[in-house]
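Reading through the structure tokens given below for one structure.
None of the figures in this text is laboratory data; all of them are computed from the coordinates on show. Owing to the predicted nature of the structure, the values given are computational and were not obtained by experimental measurement. Here the Cβ is made from the backbone with ideal geometry for all residues, glycine too, and neighbour counts use every protein chain on show.
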Amino acid sequence: MSVEVEDAVRQHARLAYQVAYSALRNRDDAEDATQETFLRLLRYRGRLERARDPRAFIARVAWRVALDRLRRRKRQAEVSLEDISEIVKTMRAHGRSAEEIALSREMQMLLERLVATLPGKLRNVFRLSTVEGMTSREIAPILNIPEASVRTRLFRARKLLQEKVSSLVGTQTGRST
């Protein structure tokens with residue numbers, strides 16, 4: 001293994017894993033994608049050596065590897081809002097208040113399903129920002145979009161999720177009761 005790639009593995013393996021996990025949502029798949037990322041870097045090490053920002057370059061490669069795996073797997077299960085609505089109705093039928101629903105494990109799973117219903121461009125930005133805790137500056141080179149676009153997509157994703165959750169739980173945002 002070349003010295004440059006070896007150093008990259010030591011310095012950026014965690015980042016590559018986080019980026020891959022953000023897209024794949026599965027530990028084993030993310031580990032495999034991380035390994036594949038560094039194999040690609042080894043194969044094309046000249047590109048890594050020429051990269052102005054090796055960290056961003058590695059993150060972008062990890063992102064593309066993860067997306068390739070998603071496409072091959074065709075795993076992006078469609079979740080309908082009707083299915084999600086049924087989950088909320090079931091929780092309400094068991095006498096749970098909106099606050100209890102919001103704090104429950106079921107709601108966390110519901111939110112993950114709602115995130116999966118977002119359009120891909122919004123979902124990717126949302127996961128990298130919210131789930132992985134990356135900044136707009138860190139996300140922009142991964143997705144190869146301007147930083148302002150990252151912020152816009154993140155705002156739109158949050159707004160859309162807020163509307164979906166509000167309609168499912170039965171509260172109206174911006175209105176007091």
- Query: How large is ³J(HN,Hα) for each residue in the stretch 124-134, as worked out from phi by the Karplus curve 6.51 cos²θ - 1.76 cosθ + 1.60 (θ = phi - 60°), to whole Hz, x for Gly and Pro?
  - Reply: 4, 5, 4, 5, 5, 6, 7, 7, 8, x, 7
- Message: Projecting each Cα onto the charge dipole of the stretch 3-73 (Lys/Arg +1, Asp/Glu -1 at the beta carbon, about the Cα centre), which of Ala13, Thr37, Leu70 comes out farthest on the positive side?
- Response: Leu70
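Rounded, prolate or oblate, given the Cα gyration tensor of the stretch 3-73, with a/c below 1.5 counting as rounded? Spell out each step's value before the answer.
Working: a/c = 1.99, a/b = 1.75, b/c = 1.13.
Cα axes put the stretch 3-73 in the prolate bin.
How much FRET efficiency would the formula 1/(1 + (r/R0)^6) give for Asp32 and Thr130, where r is the Cβ-Cβ distance and R0 is 30 Å, rounded to 0.05? Before the final figure, lay out each step's value.
Details: r = 24 Å, r/R0 = 0.80.
Here the calculated transfer efficiency is 0.80.
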- Length added when fully stretched, Arg52-Ser149, from 0.36 nm per residue minus Cα-Cα: 32.8 nm
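For Arg14 and His94, what is the calculated FRET efficiency with R₀ set at 41 Å and r taken between the beta-carbons, to the nearest 0.05?
Values: r = 40 Å, r/R0 = 0.98.
Approximately 0.55, to the nearest 0.05.
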- Task: Treat each spin label as a single point 7 Å out from the Cα along the C-beta direction, and report the Lys159 to Asp68 distance in nm.
- Result: 3.6
